[in-house]
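Just below is one structure, and these are the notes that go with it.
The values are calculated or read from the model by the stated rules, or taken from the named source; none is laboratory data. These figures come from a predicted structure and were not determined experimentally. Every residue, glycine as well, gets a Cβ built from its backbone with ideal geometry; the counts of neighbours run over all protein chains shown.
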Amino acid sequence: MAAETDTTDRTYGGHSLWEPLKRVMVRQPGAPGSDTDWSDLAYFHPPDQERSNAEHAAFVELLIECGVDVVIAPPDEPGYLDAVFCYDPSLMTDHGAILLRPGKQQRVDEVAFHAKTYAEIGVPVLGAIEAPGTVEGGDTLWIDDTTLAIGRGYRTNREGIRQMQALLDPLGVQVIAYDLAHYHGPGECLHLMSFISPVDDKLAVVYPPLMPVQLVEDLQERGWQFVEVPDEEFEPMACNVLAVGPRDVIAMDGNPITRARMETAGCTVRVYPGQEISFNRAGGPTCLSRPLWREA
């Protein structure tokens with residue numbers, strides 16, 4: 001079941017969200033399958049395909065400029081508009097990918113898209129979350145290389161968390177679950193990573209009003225420090241940033257207060273235009289990427 005972890009030709013792994021990003025998967029924006037796809041997914045307006053493609057290409061170019069090997073999957077079948085947010089259907093470990101099971105019914109088929117890509121690029125699959133369990137990648141957060149935080153909410157349930165712990169036990173990884181807020185209810189997505197993005201060892205961009213008290217206390221006890229997002233920049237996803245290395249981040253253009261606070265904390269901030277591909281669809285740079293390999 002386990003893959004070797006000490007090979008010199010490694011192309012996957014890394015139990016971190018801030019170590020240097022060496023390889024990543026992205027999935028190109030797909031076409032709608034019907035006139036109601038966008039409203040079923042709670043987008044603000046019908047996606048502009050041309051602008052989506054251009055903004056996604058700009059995001060990919062930033063990754064390449066950072067020296068990241070980008071695996072670009074082709075557009076998925078029409079109708080799978082959320083498949084571009086490839087952080088959610090799988091999780092990478094040092095021993096291969098774990099295929100997750102989204103709690104959002106429209107996204108369940110996306111797991112097969114990831115399995116196909118992993119087979120094509122030679123990444124082994126460690127295991128899978130099975131029904132009735134649900135886990136979405138946005139609810140998973142590496143605190144350190146042996147601790148995975150998981151948010152229990154409308155997209156990730158107790159059974160999914162139990163299965164995740166069983167899969168990670170042989171790797172010596174502890175899973176800690178945190179209950180998420182109801183917020184706007186099951187119709188909108190509130191992931192664990194909606195309000196926290198690690199950008200370095202023990203440093204994270206956070207929106208404290210939605211953080212579980214226990215998570216705040218646990219991180220503070222471990223010595224974490226926070227870059228806080230102001231209220232007016234939470235909805236525009238200022239909290240959703242992708243670290244390509246320690247204190248080297250990609251963010252959606254805008255949110256000047258949070259950007260200034262990250263820069264004060266010593267972060268290099270690179271931005272891409274995301275009004276269509278990110279803001280309209282409620283998914284930032286973390287959502288648009290599935291890290292395959294981070295080098296410790």
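The table below gives the values:
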| item | result |
| --- | --- |
| Within the stretch 55-75, tally of residues that are over 29 Å from ASP9 (Cβ atoms) and in contact (Cβ under 8 Å) with a residue 24 or more places away in the chain | 4 |
| Scan of the stretch 168-189 for residues that are farther than 18 Å from LEU292 by Cα and not in a loop (DSSP other than H, G, I, E, B), ordered by number | ASP169, PRO170, GLN174, VAL175, ILE176, ALA177, TYR178, ASP179 |
| Any hit, the stretch 41-53, residues being closer than 26 Å to GLY160 by Cβ, of a type in the set (A, V, I, L, M, F, W, C) and crowded, with 16+ Cβ neighbours inside 10 Å | yes |
| Residue that is modelled with the highest pLDDT, among those in the stretch 27-52 that are polar (S, T, N, Q), more than 19 Å from VAL68 (Cβ to Cβ) and out of contact with any Asp or Glu (no Cβ under 7 Å at 6 or more places or on another chain) | GLN49 |
| Among the candidates VAL84, VAL24, VAL70, residue that is closer than 29 Å to GLY151 by Cα, touching a His at 6+ places or on another chain (Cβ under 8 Å) and at pLDDT 95 or above | VAL84 |
| Long-range neighbours under 8 Å by Cβ, at least six apart or interchain, first residue within 10 Å of TYR207 (Cβ to Cβ) within the stretch 218-237, second β-branched (Val, Ile, Thr) and in a loop (DSSP other than H, G, I, E, B) | none |
| Complete set of residues in the stretch 260-280 that are farther than 18 Å from VAL244 by Cβ and of a type in the set (Asp, Glu) | GLU276 |
| Scan of the stretch 238-255 for residues that are over 14 Å from SER278 (Cα atoms) and either touching a strand residue (DSSP E or B) at 6+ places or on another chain (Cβ under 6 Å) or without any contact (Cβ under 8 Å) to a residue 60 or more places away in the chain (or both), ordered by number | ALA243, VAL244, PRO246, ARG247, ASP248, VAL249 |
| The listed residue being within 15 Å of the chain's Cα centre (by Cα) and surrounded by fewer than 20 Cβ atoms within 10 Å (Cβ to Cβ), out of VAL135, VAL111 | VAL111 |
| Test: residue in the stretch 189-198 that is closer than 23 Å to GLU159 by Cβ and either at pLDDT below 95 or of a type in the set (Phe, Trp, Tyr) (or both) | yes |
| Members of the stretch 197-211 that are buried (at least 19 other Cβ atoms within 10 Å of the Cβ) and in contact (Cβ under 8 Å) with a residue 60 or more places away in the chain | SER197, PRO198, VAL199, ASP200, LEU203 |
